[in-house]
Amino acid sequence: MKKLLTLCVFALAFLFAKGGISDTTVLKPKAVFGREARVISYILDKYHYRRIELNDSLSAAILQSYINELDNNKTYFLASDITSFDKYKYSIDDLTRNEDVNPAYEIYAVFEKRYQERMDYVFSSLIGKNFDYSIDEYYDSERDKTAWATNPAELNDIWRKIIKSQALSLTLSGKKSDEIADILKKRYDRFLKSFHQFKSEDVFNIYMNCITEAFDPHTNYLSPKASELFKQSMSLSLEGIGAQLSAENDYTKVVKILPGGDADKSGKLHVNDLIIGVGQGKDGEMVDVVGWRLDDVVKLIKGSKGTLVRLQIYPVVTGINGPSHEITLVRDKIKLEDQAAKKNLIKYQFNGKEMKLGIITLPGFYMDFDAYQKGDPDYRSTTRDVKKLIEELKGEGIDGLVMDLRNNGGGSLMEAIDLTGLFIKDGPVVQVRSPNNQVQVGQDDDKTIAYNGPLVVLTNRFSASASEIFAGAIQDYQRGVIAGESTYGKGTVQRVQDLKQVMNDKEMNEPVGELKYTFQKFYRVSGSSTQHKGVIPDIKLPSALDAEQYGESANLSALPWDVIGAASFQKTSDISDKTIASLNKSYDDRIKHDPTLKNFIVDTDDLRKNLHQTNISLNEAKRKKQMEEAEKKKASESLDTKLTSTKEGLPQNEIQKLKDEYLREGLLILSELVAKRIG
């Protein structure tokens, strides 16, 4: 899986700087790094959920991971370099326990050398080159599965295609040859400058995270700086455009849109969009950020509340083969209120009866612990807010309710339990197993039910952790229908250990980091783990995302799915296998006859193909045609939307007007549930 912002803070921020370093700079480990490494290996051996020791097998995986982190696209190292690193294949475990982290720096020194060779070639032979764009050739932007280059000539050709592709993109955007040369020179000068800033601590961060993530992807080393950033990220007060970013190859990718920010409210930015430029205000210079460090791009995008920032992006719908677009966003402060649950009411005519369908959108499972501990009777929490919204919707006479958990990455476990309790009488909600096989049951003891009507829960691939506990419990109790995509599959629990407390070295003045490690695992009341597989919906809606690329199952070191004994619980009679079969039949009928759903499926298939499209044409005519087709398709979709909204004969109701096809389908499923209960 492509790593998200949290991991990038302490592991990947460097990767795509791809800059140079002076010949006189030699990065060496500090003495404290060896001691941190030894303590980390001890904690993982003794307390990680897996209960396995750092061994030769993990050493081999760590070595491979570290090489990939330095050169994930195989554009620097030679095959001979990789062979030379084999001497560390089965010794990293022993060296780590002996406070020896030198392999990280010896491998990195080779990377420095190869990097400098590549940059020398780029500046001497490629920037300013007049490329022949009539040749029919391609560049594969995802080279992780290709073989390592065997000689410098092979790397030269790879880099020729990289620069040619970048130059062609600039050509198609209307830039002249002298402008292109200037942009590329500044771009690679920036790479060099960024790499000059790389420090010994950065090498250690990457290396240690390769060691920790060999145990599982959610076990991470947090450097002193990364630890502080991690704590800041837990705050619900964020200033900016409201987007979570990661580094992917030379681009900055949008991985999550946060509710409440202008990226969310304006609808201009989407998940998987690629940011290639950042401009300040209405007319500030558009700064090319291709290849920049992630944290440097974030600094450009963040700013004071109310100010404008312009982004040059490759939209996900067309990708890097399509044209870039410029959008303008307003920075703002995202507060707790913006992240809190919200409600909406939709009216729908179904078989001659007007239905009122409620929607509660839940971005996360939150609780104001500070206010709670201070005894504030009005402290905010997910369950309290949702209960209040349900009462308001019931007062408006709703016939059914959609709980929208899409992109909800989780949060408080207790809130997941309490929220489930609003929909069931009482009983177990989740099981939590420790490494010694002890199982604790998270129980809802409140016998009151806030809402007992028809219920649909919407999920997608980015519904994770606490979201999966809630959705899994609703499904196991047969209390409602789950619709959408399979969820993320994060069924593990982490704790954070301050390494200074364990090291207890009074003579040590150097700051040390923290270790976040997995120590428990979640299970549904049915006994099935939410880990790896996630929650599989009762009604699967079209998805452009493959589990192999997005979600827990994309991580090689992810803990496995398994099953324990079921808890004792009483299912409701709200949903049966017959009900699910009937709803799926109706959905299949809509696929055949509903033009809106048909178009959505086609668009989703196109998006899936685009996400898998890594072969980039370096032929100007072909690239231009691809761009024109993408623009034509986009214009056609806009026209179709206008025609659909005004076409006679279509039901004129609020569901029909929705542009959110997942929500539209969720409401249609809910309306059928309501009709079945009435009928």
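The values are calculated or read from the model by the stated rules, or taken from the named source; none is laboratory data. The structure presented is a predicted model; accordingly, all values stated were derived computationally and were not measured. For neighbour counting, all protein chains shown are included, and Cβ atoms are generated from backbone atoms with ideal geometry for every residue, glycine included.
Please go through (1) crowded, with 20+ Cβ neighbours inside 10 Å; (2) over 29 Å from THR604 (Cβ atoms); (3) touching a Gly at 6+ places or on another chain (Cβ under 6 Å) for LEU559 and return the number of the only condition it doesn't satisfy.
Status for LEU559: all satisfied but (3).
Answer with yes or no whether ILE564 is closer than 30 Å to GLY666 by Cβ and not polar (S, T, N, Q).
no
Please enumerate the residues belonging to the range 260-283 that are part of a loop (DSSP other than H, G, I, E, B), crowded, with 20+ Cβ neighbours inside 10 Å and not aliphatic (A, V, I, L, M).
Residues satisfying the conditions are GLY260, GLY261, ASN272, ASP273.
Quick grid of which residues meet (1) in contact with a Lys or Arg (Cβ under 8 Å, 6 or more places away or on another chain); (2) surrounded by fewer than 18 Cβ atoms within 10 Å (Cβ to Cβ):
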site	(1), (2)
ILE398	yes, no
ARG406	no, no
SER412	no, no
ILE417	no, no
THR420	no, no
VAL432	yes, yes
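Go through the range 559-581 and report how many residues are farther than 14 Å from LYS533 by Cβ, outside any loop (DSSP other than H, G, I, E, B) and among the hydrophobic types (A, V, I, L, M, F, W, C).
The qualifying residues number 2.
Of the residues SER194, SER134, SER125, which single one is assigned by TED's automatic domain parsing to the domain that holds ASP81, of a type in the set (Gly, Ala, Ser) and out of contact with any Asp or Glu (no Cβ under 9 Å at 6 or more places or on another chain)? Spell out how you get there, then give the answer.
Details: SER194 fails: out of contact with any Asp or Glu (no Cβ under 9 Å at 6 or more places or on another chain); SER134 fails: out of contact with any Asp or Glu (no Cβ under 9 Å at 6 or more places or on another chain).
When all the criteria are applied, what remains is SER125.
Residue-by-condition table, conditions (1) surrounded by 16 or more Cβ atoms within 10 Å (Cβ to Cβ); (2) modelled with pLDDT of 90 or more; (3) basic (Lys, Arg):
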site	(1), (2), (3)
VAL297	yes, no, no
LYS305	no, no, yes
ASN344	no, yes, no
LYS353	no, no, yes
LEU362	yes, yes, no
ASP368	yes, no, no
TYR372	no, no, no
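All but one of (1) crowded, with 16+ Cβ neighbours inside 10 Å; (2) in contact (Cβ under 8 Å) with a residue 40 or more places away in the chain; (3) among the aromatic types (Phe, Trp, Tyr) hold for TYR121; which doesn't?
So the condition that TYR121 fails would be (2).
Considering every residue within the range 75-87, establish whether at least one is within 24 Å of ARG38 (Cβ to Cβ), at pLDDT 95 or above and crowded, with 17+ Cβ neighbours inside 10 Å.
yes
State whether one or more residues within the range 520-531 are surrounded by 19 or more Cβ atoms within 10 Å (Cβ to Cβ), of a type in the set (Val, Ile, Thr) and over 19 Å from the mean Cα position of the chain (by Cα).
yes
Say we look at the range 523-577 and pick out the residues that are of a type in the set (A, V, I, L, M) and touching a helix residue (DSSP H, G or I) at 6+ places or on another chain (Cβ under 7 Å); which of these is farthest from THR318 (Cα to Cα)?
Only one residue tops the list, namely VAL525.
So that you can scan it fast, the table gives a plain yes or no per residue for (1) modelled with pLDDT of 95 or more; (2) under 30 Å from the mean Cα position of the chain (by Cα):
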{"residue": "VAL26", "(1), (2)": "no, no"}
{"residue": "ALA31", "(1), (2)": "no, no"}
{"residue": "LEU44", "(1), (2)": "yes, yes"}
{"residue": "HIS48", "(1), (2)": "yes, yes"}
{"residue": "SER59", "(1), (2)": "yes, yes"}
{"residue": "ILE62", "(1), (2)": "yes, yes"}
{"residue": "ASN72", "(1), (2)": "no, yes"}
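Check off (1) more than 30 Å from HIS270 (Cα to Cα); (2) in the same structural domain as PRO560 (by TED's automatic domain parsing); (3) surrounded by fewer than 22 Cβ atoms within 10 Å (Cβ to Cβ); (4) not aliphatic (A, V, I, L, M) for GLN438 and give me the number that stays unchecked.
Among (1) more than 30 Å from HIS270 (Cα to Cα); (2) in the same structural domain as PRO560 (by TED's automatic domain parsing); (3) surrounded by fewer than 22 Cβ atoms within 10 Å (Cβ to Cβ); (4) not aliphatic (A, V, I, L, M), the lone unmet condition for GLN438 is (2).
Can you spot a residue in the range 597-604 that is part of a loop (DSSP other than H, G, I, E, B) and in contact with a helix residue (DSSP H, G or I) (Cβ under 7 Å, 6 or more places away or on another chain)? Spell out how you get there, then give the answer.
Here is the first cut: in the range 597-604, the residues part of a loop (DSSP other than H, G, I, E, B) are none.
No - not one qualifying residue is present in the range 597-604.
Specify which of the listed residues (VAL290, VAL309) is assigned to a strand (DSSP E or B) and either in contact (Cβ under 8 Å) with a residue 24 or more places away in the chain or not assigned by TED's automatic domain parsing to the domain that holds ASN72 (or both).
VAL309
Just checking, which of ASN55, ASN68 is in the same structural domain as ARG114 (by TED's automatic domain parsing), out of contact with any His (no Cβ under 9 Å at 6 or more places or on another chain), in contact (Cβ under 8 Å) with a residue 60 or more places away in the chain and surrounded by fewer than 16 Cβ atoms within 10 Å (Cβ to Cβ)?
After applying the criteria, what remains is ASN68.
Quick check: anything in the range 172-181 over 24 Å from GLU620 (Cβ atoms) and of a type in the set (S, T, N, Q)?
Scanning the range 172-181 turns up no residue that is over 24 Å from GLU620 (Cβ atoms) and of a type in the set (S, T, N, Q).
Against the definition (farther than 28 Å from PHE519 by Cα and buried (at least 19 other Cβ atoms within 10 Å of the Cβ)), how does LEU357 come out, yes or no?
Yes, satisfied.
Being modelled with pLDDT of 85 or more and in a helix (DSSP H, G or I) is the filter; apply it to the range 609-643 and report the residue that is surrounded by the fewest Cβ atoms within 10 Å (Cβ to Cβ).
Checking each candidate, the answer is ALA621.
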